[in-house]
1. Please report, in cubic angstrom per residue, the volume enclosed by the convex hull of the alpha-carbon atoms of region A:255-396.
2. Determine the gain in length on full extension of the stretch A:ARG307-A:ALA213; use 0.36 nm per residue of separation and subtract their C-alpha separation, reporting nm with one decimal.
3. In what order do B:VAL449, A:VAL86 fall by count of nearby beta-carbon atoms within 10 Å, going from fewest to most?
4. Tell me, what is a quarter of the convex hull surface for the C-alpha atoms of the protein assembly as shown, in nm² with one decimal?
5. Under 5 Å between amide hydrogens, which residues at least 5 positions from B:VAL59 or on another chain qualify, with H placed 1.01 Å from N in the peptide plane?
6. Would you mind working out the magnitude of the charge dipole of the protein assembly as shown relative to its Cα centre, with +1 at each Lys and Arg C-beta and -1 at each Asp and Glu C-beta, to the nearest 20 Debye?
7. What's the Cα-based Rg to Rh of region A:152-284, Rh via Kirkwood?
8. For Cα pairs less than 8 Å apart in space and 6+ apart in sequence, what is the mean separation divided by the residue count of region B:106-214, i.e. the relative contact order in percent?
Amino acid sequence: MHDTLMVTILPFLGATISLLLWSRPRVVKVAALLVAGVTVTGLASGAVTGSDPTATALMTLIAVTAFVAALGQQLTRQAPLAIVLVLIILGLSLAALAGSQPVEHMFMGCIMGTIALRLLWRAIGPADALAWGAVAGLGVGILALAASAVVSGSIAAVLQLVACATLLPLFPLQAAFVGSLSKLPGTLPTFLAVVLPCLGWHGIVSLMSQVPAPLIHTVIALALVGALYEAVRASVQFHLTRMIASITTILFSLVWWHVGATGKAAPEAGWYLSTVSLAASALLLAGHQLEARYGFLDLDKLRGLARPMPRFATLVGLLLMAAMGLPLFGVFSTFMAMMFASPSPMPQSAVIVLLIWLIASLLLMRLLQRLLCGQPKPDVVYQDLTLTELLPLVLVLCLLALGVRVPVHLFQPAAQAHVTVVAEGTP
Amino acid sequence: MSYVILVPLLPLLAAIVIGVAGSVLRERSIRIAAPAVVSAFAGAVAALVLVTLNGPISVQFYEPSTAGLSVLPLGFYIDRLSAVMMVVITGVSTIIYLYSMRYMQQERGYARFHALLALTTFVLLCMVSSANLLMLFIFWQLLSWLLYLLSYHYSHPPTIEGAFKTYAVLRVGDVAFLAGIVLAYRLYGTLDFQPLFARAAEVPRTFSLWPGIGLEISAVTAITLLIFIGAMSKSAQFPMHVWLPASLYAPTPVHALLHAGIINAGGFLINRLAPLYGLAPDTLHVAFVIGGLTAVVAAAIMLTQSDIKTMLGFSTIGQMGYMIMECGLGAFALAIFHLIAHGLFKATVFLNCGNVIHMARQEPRFPPGHVQEKAEALPRFPWATGVVMTLLLPLIILLAAHGVLQVPLRDAQGAVIFLFFAWVTSAQAILSLYRLRAVESWKVAGVMVFTMFLVIGTYLWAAVSFTYFLYPAPGEAARYFEAAAFPPWLFDLFVVTVTVLIIGGWAVVYTNARGEHVLIPRWTLGLMPRLYMWFWNRLYVDTVYARLGQALSRLARRVDAALPEWLP
């Protein structure tokens, strides 16, 4: 318990130190790296042992992403604020995952509040509908959490599910996720791409047994409708981070489908969620590196990066390959594992799921082509990534490659199919 | 661990070395790649001998159940089919490397090209020697990705569009394949080949398409149909063929590998899962129809094209249709024989086509303009020889087999299929030979006779020795023919149709040679230009896909504009 408390407090300590060193972004970055590094070491070495292995795994993943986000942060004017917010949210999320239910909800609410405040503080104008939508979504999440504390039974479960749906995006509550990833500065979106879905998932794990059965079917329907809705949104996008956020939402809708179809938060879906969030996080980081160079992320203006930025192109190509579920990366194997663990031989909704999977990979391919292919623009001075900038992307890529895990029992010749066969013919 | 793992590992090693040190090696990268591929070829030949003498080789890198982590089940299963495919792949790669040595010199991406080619060879080798369906699928998908990387230039707009088309079509196939795998695992609990085949054969199961409505389908049929869509995409079957002509701008050696190696993946897949397909007659019939349609459509389109690479591309599509059709008839070994022959032939043709294009760019008198051939007096001797060899001799053989030898041809569709393929091939060759005008007629007649015996001899060898070589289990090949058997009336209809086509072909050749058109009704002459336009425009399939894409894009824009911005 003491270890967990220590790991949770450490990021807050780092955030306080960073605030004191505000005027020296480089030192702030080093401090954040130290804090995140120590947290990762503590969690990965097993020095911090929690009762819940899922929570420990998620905490490690979040801490690693914080390290990557700090490492990839460009030393711009916004860097100290972005880093401090990463550390604060790291502390809050670790506390949420380590704590039991009322405490968990309190910290989840704090995280949503922090993000909402940051969105509001960025002086969003009345015309910035996406940011307002995100704030509204986060507000719904906070209210749902608060309301769940005063009611009980299945109503409380439904309210908590609503809060989870704002974090792990489910139609029509995806605004908080998409808005946060598209509108926040620096590498904060890189970090939030992992934190928000992980927290949402952790909430679902304990919640599913209490959710009323009719709501499960609604969840499946919302997941599939939401995926198609986001597919429409993503297909017309020209802003890089917004497009990544939309495609990630499509991929996360498959997690909701699996939860609905199986009626539980199966470990396979958790693994899938982790790998997808990591891939999205790295893509957002790549976007941050571009934004630091060119000041914009308009896909119609940025193109033809393959030739002038070969290192960037190779890494982004590999990351997109991972995200679209090609072997030998974790998204592929975890998606396979998730599909193998589906509830019946081939549920009818699985056809739609495969269609969604196809659409997502086509959208990612379109993104790759728009970004990397074509003639480079003559009025842009291109500069490839430096080795320091490459490092965080390579790190995530390695993590994604290490995520090639498929449950062993699938390949035991003696394994028996545990399925309900509709009818058996005569030999 | 067997030495055969060196066969795929050598190209991989070469790819890694060139990939890492390509900027240093540049022109010298061929010195790494070529020896690796040639050694792999030697290893593949040795593996084929070994497998033929001692039976299948199974290589497991680790015991999945004892491995500390849950990892992908990697391993090799090399039987005769795998070994034959390994020899073909490494053989074609060797030819391509030797050719590329000078052909690709001074290209900017020389090292990258060799690295990717070596990697593709590795992926192909791993695919054909996969120990289970999941591993096969992994390399199947990697092949799609490599195809995208190899065939397209990232700063050439038409190529970029073609690349997306390729990826989209192959991805549709991949997703269908994935659905088949998931269904197979969910129903039979394993993805290892032998247990999967055994379990599928043990208990026939049905699978409900929509519970409550009563729409049911045999589980094996559903699985094989889904996997067949994957095969269709890779082997460019109608209407999923559009990606192959889109790869027109790829370097010539890449075309050679694509048309001689990669595109055969569909035929290999069906052969690898032959025991499963042998349990699904409906899927085999679908394969026959799709293959036949592809063969006819692609051949007709090829005749109307003017670009040499496009023509060869549609020729490949047609041959793949032919190969899939053979699979649909249960002649799995014949399909493999066909893909080997086609692979070697098409690789040579494509490599030569590169030289032709170069020559055409440098020599103003090449290619020569269209020369109107004057109708000459009908050479009677070759004509008579052709008629005797393609019409009378087969009839005599048929009567002798049926009457004297008492072969029950009506019950042995497999034998008739081989006979018919031999007949069609030799008739096609003889019809082509008949057009030779500058050669003395006795020589033409002599070549016709030789061709006939060569074709019959080859098909006999393919029917007996090669089929037994690939499927040595007693009765296995016959079982596939039985599974693919059509109702007798339908089979008879096919036989009669093909017979009429061959006789009709002779009649057209005869009348054309005499400058007459009496056998062709007048109304068909009016139809010809229209048909020509349709086939010249590739039946507008590409246009339909493009319009569909544009319509979807427009719809998405309209829907997006109507949606509130605050709900992203």
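1. On the way: hull volume 15.5 nm³, N = 142.
So the per-residue hull volume is 109 Å³.
2. Values: separation 94, 0.36 × 94 = 33.84 nm, distance 5.37 nm.
Length gained between A:ARG307 and A:ALA213: 28.5 nm.
3. Values: B:VAL449 15, A:VAL86 30.
Fewest-to-most ranking of B:VAL449, A:VAL86: B:VAL449, A:VAL86.
4. Values: hull surface 179.5 nm².
With every direction weighted equally, the projected area is 44.9 nm².
5. Excluding prolines and chain starts, which carry no amide H, the hits are B:PHE76, B:TYR77, B:ILE78.
6. On the way: 52 positive and 37 negative charges, 463 e Å.
Magnitude of the dipole: close to 2220 debye.
7. On the way: Rg = 14.0 Å, Rh = 14.5 Å.
Reported Rg/Rh, Kirkwood definition of Rh: 0.96.
8. On the way: 60 pairs, mean separation 23.9, N = 109.
Computed value for region B:106-214: 22 percent relative contact order.
All of the numbers you see were taken from the coordinates with simple rules; none came from a lab. Because the structure is predicted, anything quoted here is derived from the model rather than measured. Here the Cβ is made from the backbone with ideal geometry for all residues, glycine too, and neighbour counts use every protein chain on show.
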